[in-house]
Amino acid sequence: MSVAALRSRTSAPPPRRAPRRRWLPYLLLLPAGLWLLIFFVIPLVQLGATSLYDPAGSLTTGYAMTWEFGNYPVAFEAYQWHFLRSLGYAAAATAICLLLGYPLAYAIAHRAGRWKNLMLVGVIAPFFTSFLVRTLAWKTILSDNGVIVEALRAVHLLGADGRLLATPAAVIMGLVYNFLPFMVLPLYANLERLDPRVLEAASDLYAGPVSTFWRVTLPLSMPGVVAGTLLTFIPAAGDYINAELLGTPRQYMIGNVIDSAFLVRLDYPQAAALSFLLMAAVLAIVFVYVRRSGTEEVL
């Protein structure tokens with residue numbers, strides 16, 4: 001074979017991809033895209049439209065689309081304290097989950113040994129029971145005649161008429177219990193990949209355990225911290241079951257107001273406006289938090 005023939009064979013353009021293969025990734029995304037369109041985008045658009053209905057309407061007379069943007073300031077002004085209470089409860093529950101979940105996740109990842117799988121099962125075991133049943137169990141645990149209240153009264157941390165149920169502490173404890181696994185699992189997944197040689201190198205450089213944690217372990221585990229706090233804070237801010245069962249109307253969160261507006265008062269424009277306000281508030285907090293933590297790749 002001549003040199004010219006060899007050059008022509010080696011310089012030949014690569015074969016073109018078949019059209020079917022080019023469209024295959026998009027076809028694989030089609031089912032998930034349709035699911036999101038039908039069950040997320042369309043309901044979200046409908047909810048947004050509902051928030052702009054004439055608030056003077058009703059189910060019997062119907063709702064007219066009047067583009068009533070005033071529904072938003074009216075709803076916020078009426079329930080601003082419920083918003084602040086929801087965000088405060090969610091923030092407190094997230095902080096407690098982080099304080100409890102980080103040592104637990106670290107112990108499972110690096111100290112559990114052969115008990116690692118059993119401890120992981122213990123973390124996810126509450127998911128085998130209904131969310132409602134678990135919260136009702138806490139109502140029994142925190143009851144005025146329960147073991148915890150009796151023990152606190154015995155050591156004079158509670159008065160003779162003191163109680164835990166129907167207090168902000170009860171609501172926050174319920175949130176912590178129900179959402180703690182959402183904090184532990186991302187932390188474990190991140191800490192489990194932590195190279196122990198990095199910690200050994202810090203020790204070789206005369207760093208103590210506390211210095212190693214603050215300068216090495218915690219910075220490397222920040223993606224897990226951010227993921228865990230987001231997975232805990234977001235559902236906790238919109239929760240209403242814990243406040244309904246463990247609290248009183250004085251502890252109600254914005255989720256309880258939205259539930260009542262939709263199902264009891266049948267005030268659909270206000271309920272939709274409150275839903276969008278809650279979503280906007282959570283998105284704004286999440287955006288600022290992720291930007292300040294420097295872990296945008298988590299999203």
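The values are calculated or read from the model by the stated rules, or taken from the named source; none is laboratory data. The structure displayed is predicted, hence computed values, not measured ones. So basically every Cβ, Gly included, is an ideal-geometry build from the backbone, and we count neighbours across all protein chains shown. We work out accessible area using only protein heavy atoms, side chains counted, and drop any ligands, DNA or RNA first. Shrake-Rupley method; radii C 1.70, N 1.55, O 1.52, S 1.80 Å.
Values as computed for the structure displayed
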| item | result |
| --- | --- |
| Selected residue (criterion: modelled with the lowest pLDDT) from residues of region 187-202 that are hydrophobic (A, V, I, L, M, F, W, C) and closer than 8 Å to residue 105 by Cβ | 191 |
| Selection within region 260-295 - touching a helix residue (DSSP H, G or I) at 6+ places or on another chain (Cβ under 8 Å), of a type outside the set (A, V, I, L, M, F, W, C) and more than 21 Å from residue 68 (Cα to Cα) | 289, 293, 294, 295 |
| Residue under evaluation residue 68, criteria (1) under 20 Å from residue 282 (Cβ atoms); (2) in a loop (DSSP other than H, G, I, E, B); (3) of a type outside the set (A, V, I, L, M, F, W, C), criterion not met | (1) |
| Count of residues meeting criterion [hydrophobic (A, V, I, L, M, F, W, C) and touching a Phe, Trp or Tyr at 6+ places or on another chain (Cβ under 8 Å)] in region 86-103 | 4 |
| Condition check for residue 90: of a type outside the set (Lys, Arg), touching a helix residue (DSSP H, G or I) at 6+ places or on another chain (Cβ under 8 Å), surrounded by 14 or more Cβ atoms within 10 Å (Cβ to Cβ) and free of Cβ contacts under 8 Å to residues at least 40 places away in the same chain | no |
| Scan of region 117-174 for residues that are under 23 Å from residue 85 (Cα atoms), outside any helix (DSSP H, G or I) and not polar (S, T, N, Q), ordered by number | 142, 162, 163, 164, 165, 166 |
| Evaluation of residue 55 against (1) within 28 Å of residue 243 (Cα to Cα); (2) in a helix (DSSP H, G or I); (3) open to solvent by 40 Å² or more (accessible area, probe 1.4 Å) (one fails), failing number | (2) |
| Filtered residue count, region 178-203, keeping only those that are buried (at least 19 other Cβ atoms within 10 Å of the Cβ) and either of a type in the set (D, E, K, R) or within 13 Å of residue 232 (Cβ to Cβ) (or both) | 10 |
| Subset of region 20-46 that is modelled with pLDDT under 90 and among the aromatic types (Phe, Trp, Tyr) - its residue that is surrounded by the most Cβ atoms within 10 Å (Cβ to Cβ) | 23 |
| Among the candidates 82, 110, residue that is surrounded by 14 or more Cβ atoms within 10 Å (Cβ to Cβ) and either within 26 Å of residue 271 (Cα to Cα) or touching a Leu at 6+ places or on another chain (Cβ under 6 Å) (or both) | 82 |
| Residue match in region 115-122 (condition: more than 30 Å from residue 246 (Cα to Cα), polar (S, T, N, Q) and open to solvent by 60 Å² or more (accessible area, probe 1.4 Å)) | yes |
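A quick yes/no check of all residues on (1) surrounded by fewer than 16 Cβ atoms within 10 Å (Cβ to Cβ); (2) not β-branched (Val, Ile, Thr):
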{"position": "217", "(1), (2)": "no, no"}
{"position": "224", "(1), (2)": "no, yes"}
{"position": "228", "(1), (2)": "no, yes"}
{"position": "245", "(1), (2)": "no, yes"}
{"position": "248", "(1), (2)": "yes, no"}
{"position": "257", "(1), (2)": "no, no"}
{"position": "270", "(1), (2)": "no, yes"}
